[in-house]
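Engineer: Quick one: structure below, then a few questions.
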Amino acid sequence: MSTIYILWLRQIKKYFRSRSRIVGSLGQPLLFLVALGFGFGSIYQQAGRGSYIQFLAPGIIMMSVLFTAVFSGMDLIWDRQFGFLKETMVAPVSRLEIMLGKTLGGATVAAVQGFIVFILTLLVGFKPQNILMLPVAIGIIILVAVLFTSLGIAMASTMEDMQGFQLIMNFLVMPIFFLSGALFPLQGLPRVMEIITRIDPLTYGIDGVRAALINGGKFSIGYDFFILTVLTVILLAVGSFLFERIEA
């Protein structure tokens, strides 16, 4: 447990020491909120859907969590290239503990990033309809953070090149985001698109947060929690298996 805590704490300290990283990572969510929220707001309202900012904000919060969580795998490649991973792995602790420490650290950073973006959405004009459901939304954010951090670490465990990791993860992350319903309603989609969105794990994170904060989910919160929990357990297991096989 001490190893998990130390690695978790190391990830948190690294995040908060880099102010430029914190500020820089807020640029894209803010751009999406302002450009899309206000740019398409009138069109969305004319379609009888109400405020687009209300609809868009949960998707942008989860976008921030997704990007931060997945690219936390870069820290593993960085540690591998500069020898820190080798020093960690020769210590008398199990690789599972090392993997869990890095996963929890990356997930915590991603969740904190999501909370910061949530505050930004409030400044832009987002108004949660039921503040009592905020703990439920936080729970979903944490689940999604652990899920995609596990994915990032699983992918990083199979790679040694940082540029290759960025290319492959961008290839995965952009479709995951754009096909999750973050920018468009899930109701009334063509059959093919409906199937794709149901395969996308981020769909259930965004849907759960929308259901909790604006009562706008397509599925029930219980169903979203169930799917996310199952996928998180699976990816944690896959990430642990691949990390066990890594050669520092």
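Engineer: Of all residues in segment 108-164, count the ones that are free of Cβ contacts under 8 Å to residues at least 60 places away in the same chain and in contact with an Asp or Glu (Cβ under 8 Å, 6 or more places away or on another chain).
Structural biologist: 0
Engineer: If residue 185 satisfies all but one of (1) in contact with a Pro (Cβ under 9 Å, 6 or more places away or on another chain); (2) at pLDDT below 90; (3) not hydrophobic (A, V, I, L, M, F, W, C), what's the number of the condition it fails?
Structural biologist: Here residue 185 clears every test but (1).
Engineer: Moving on. Which condition from (1) under 17 Å from the mean Cα position of the chain (by Cα); (2) assigned to a helix (DSSP H, G or I); (3) farther than 28 Å from residue 78 by Cβ is the one that residue 123 breaks?
Structural biologist: Just one mismatch for residue 123, condition (1).
Engineer: Ok, one more. List the residue pairs whose Cβ atoms are under 7 Å apart, where the first residue sits in segment 79-106 and is among the acidic types (Asp, Glu), the second is modelled with pLDDT under 70, and the two are 6 or more positions apart or on different chains.
Structural biologist: 79/85; 97/3
Engineer: Residue by residue through segment 30-40, note down the ones that are modelled with pLDDT of 85 or more and of a type outside the set (A, V, I, L, M).
Structural biologist: If the condition is that a residue be modelled with pLDDT of 85 or more and of a type outside the set (A, V, I, L, M), then 32 is the only one that fits.
Engineer: Would you check if residue 165 is modelled with pLDDT of 90 or more, in a helix (DSSP H, G or I) and aromatic (Phe, Trp, Tyr)? Before you say what the answer is, go through the steps one by one.
Structural biologist: Details: modelled with pLDDT of 90 or more: no; in a helix (DSSP H, G or I): yes; aromatic (Phe, Trp, Tyr): yes.
No: the conditions fail for residue 165.
Engineer: Can I ask one more? Residues to consider are 43, 60; find the one that is farther than 13 Å from residue 109 by Cα, hydrophobic (A, V, I, L, M, F, W, C), over 24 Å from the mean Cα position of the chain (by Cα) and at pLDDT 75 or above. Can you show your working first?
Structural biologist: Working: 60 fails: over 24 Å from the mean Cα position of the chain (by Cα).
Just one listed residue meets the conditions, 43.
Engineer: Then there's this: Would you point out the residue of segment 221-248, among those that are at pLDDT 90 or above and of a type outside the set (A, V, I, L, M), that is surrounded by the most Cβ atoms within 10 Å (Cβ to Cβ)?
Structural biologist: Top of the filtered list is 224.
Engineer: Sort out which residues of segment 180-230 are in a loop (DSSP other than H, G, I, E, B), touching a residue at least 24 places away in the same chain (Cβ under 8 Å) and on the phi < 0 side of the Ramachandran plot, and write them in order of number. Break it down stepwise before answering.
Structural biologist: Pass one, segment 180-230, residues in a loop (DSSP other than H, G, I, E, B): 180-190, 200, 215-220.
When the remaining residues are screened for being touching a residue at least 24 places away in the same chain (Cβ under 8 Å), the result is 180-183, 185-187, 200, 215-216, 218.
If the condition is that a residue be in a loop (DSSP other than H, G, I, E, B), touching a residue at least 24 places away in the same chain (Cβ under 8 Å) and on the phi < 0 side of the Ramachandran plot, then 180, 182, 183, 185, 186, 187, 200, 216, 218 are the ones that fit.
Engineer: In the set 173, 146, which member is under 13 Å from the mean Cα position of the chain (by Cα), at pLDDT below 90 and either within 21 Å of residue 32 (Cβ to Cβ) or crowded, with 21+ Cβ neighbours inside 10 Å (or both)? Working first, answer last.
Structural biologist: On the way: 146 fails: at pLDDT below 90.
Of the residues listed, the single one that is under 13 Å from the mean Cα position of the chain (by Cα), at pLDDT below 90 and either within 21 Å of residue 32 (Cβ to Cβ) or crowded, with 21+ Cβ neighbours inside 10 Å (or both) is 173.
Engineer: Does residue 214 count as buried (at least 18 other Cβ atoms within 10 Å of the Cβ), of a type in the set (Val, Ile, Thr) and closer than 23 Å to residue 153 by Cα?
Structural biologist: It is false that residue 214 is buried (at least 18 other Cβ atoms within 10 Å of the Cβ), of a type in the set (Val, Ile, Thr) and closer than 23 Å to residue 153 by Cα.
Engineer: Let me ask something additional. Of the residues that make up segment 197-204, is at least one surrounded by fewer than 17 Cβ atoms within 10 Å (Cβ to Cβ) and touching a Leu at 6+ places or on another chain (Cβ under 6 Å)?
Structural biologist: So in segment 197-204, the residues surrounded by fewer than 17 Cβ atoms within 10 Å (Cβ to Cβ) come out as 198-199.
When the remaining residues are screened for being touching a Leu at 6+ places or on another chain (Cβ under 6 Å), the result is none.
No; the residues of segment 197-204 include none that is surrounded by fewer than 17 Cβ atoms within 10 Å (Cβ to Cβ) and touching a Leu at 6+ places or on another chain (Cβ under 6 Å).
Engineer: Between 208, 239, 217, which is more than 18 Å from the chain's Cα centre (by Cα) and not acidic (Asp, Glu)?
Structural biologist: On the way: 208 fails: more than 18 Å from the chain's Cα centre (by Cα); 239 fails: more than 18 Å from the chain's Cα centre (by Cα).
Exactly one of 208, 239, 217 is more than 18 Å from the chain's Cα centre (by Cα) and not acidic (Asp, Glu), namely 217.
Engineer: Here are some residues: 112, 90, 117. Which one is over 20 Å from residue 231 (Cα atoms), among the hydrophobic types (A, V, I, L, M, F, W, C) and at pLDDT below 85?
Structural biologist: Numbers: 112 fails: at pLDDT below 85; 117 fails: at pLDDT below 85.
One residue alone meets the criteria, 90.
The values are calculated or read from the model by the stated rules, or taken from the named source; none is laboratory data. All figures in this text were calculated on a predicted structure; none of them were measured in a lab. Every residue, glycine as well, gets a Cβ built from its backbone with ideal geometry; the counts of neighbours run over all protein chains shown.
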